[in-house]
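Remarks on the structure that follows.
Any read-out appearing in this document is the output of simple, stated calculations on the displayed coordinates, not a laboratory observation. Since we're looking at a predicted model, the values are computed, not measured. Please note: Cβ atoms are built from the backbone with ideal geometry, for glycine as well, and neighbour counts cover all protein chains shown.
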């Protein structure tokens, strides 16, 4: 237990002197792409997680609010035991350290993904939209997210420009597709690093504070076309079709499978462009260069989807022309 900075000392003081916990061990629990930090706190009563979210950079209130909404929907999210909004600290239930990403392989994939899809179905069917305080995934937010790809990947990492007319067409296509979809509660980072394998009521769902009301395919494509692990296309399509049938039976979608798959593909393209921009920003702005390793896999998703749709042919050529430069920077 080696506290190295003032915030860590302040957090420990809150745990020991305000909450009167006996802290036997205190260690970093995970890395995060944001300014949040997580620590595993060992006490005689068992392990807990302490979140450190500097108030000038992170807002704890969305985390607390969304945790409550998701718990009401039957999603297994960490219980918030204690909160210190002024200092930016939370004390949470510990879901352990077995993420889906660490446990996934060809033998476990079907079982783990079925549990993740079951949890997602609860989120989409048990979260009421009327009077829901979550923000909407509207056109302005979609525009801002796509700008991250242009600003941080194309301009920042590669130092290139995309033709304005081409980029405008791509953005228009992706935004129109997203806004045409039925609305549901969207976790917004529903992937293998944010799903924890538990002995009971698995998965444990974390990192949900950015949830919105938005397109019905968003979390599904986040899960099945994960930026951190890829599966064969035929397997993805099997999971996709089975989940589509569940949504149809629940009357959450009325379209046919072809339309749903197009929504899924274009929503994934929007998300993957944003993710590539975020990975570039984490490297350039925050010095977190490990995320560069995830760009080639994510770029492959982009070109695979573009190759399926004639209206994206020119964009596909542009991406492929610059993919070699991108891969060179990430190796």
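Kindly list the number of the only condition in (1) within 23 Å of residue 193 (Cβ to Cβ); (2) outside any loop (DSSP other than H, G, I, E, B) that fails for residue 266.
(1)
Do you know which residues across the range 196-235 are over 27 Å from residue 61 (Cα atoms) and surrounded by fewer than 20 Cβ atoms within 10 Å (Cβ to Cβ)?
199, 200, 228, 229, 230, 231, 232, 233, 234, 235
What number of residues within the range 235-256 satisfy the criterion of being assigned to a helix (DSSP H, G or I) and within 23 Å of the chain's Cα centre (by Cα)?
Let us first name the residues in the range 235-256 that are assigned to a helix (DSSP H, G or I), namely 235-249.
Imposing the further condition that a residue be within 23 Å of the chain's Cα centre (by Cα) reduces the set to 235-244, 246-247.
Final tally of qualifying residues: 12.
Go over the candidates 28, 44 one by one and state the one that is over 21 Å from residue 204 (Cα atoms), over 17 Å from the mean Cα position of the chain (by Cα) and surrounded by fewer than 16 Cβ atoms within 10 Å (Cβ to Cβ).
Details: 28 fails: over 21 Å from residue 204 (Cα atoms).
From the options 28, 44, the qualifying one is 44.
Residue by residue through the range 150-166, note down the ones that are surrounded by fewer than 13 Cβ atoms within 10 Å (Cβ to Cβ) and over 24 Å from residue 311 (Cβ atoms).
Quick first cut of the range 150-166, residues surrounded by fewer than 13 Cβ atoms within 10 Å (Cβ to Cβ) only: 159, 161, 163-165.
Selection gives 159 alone.
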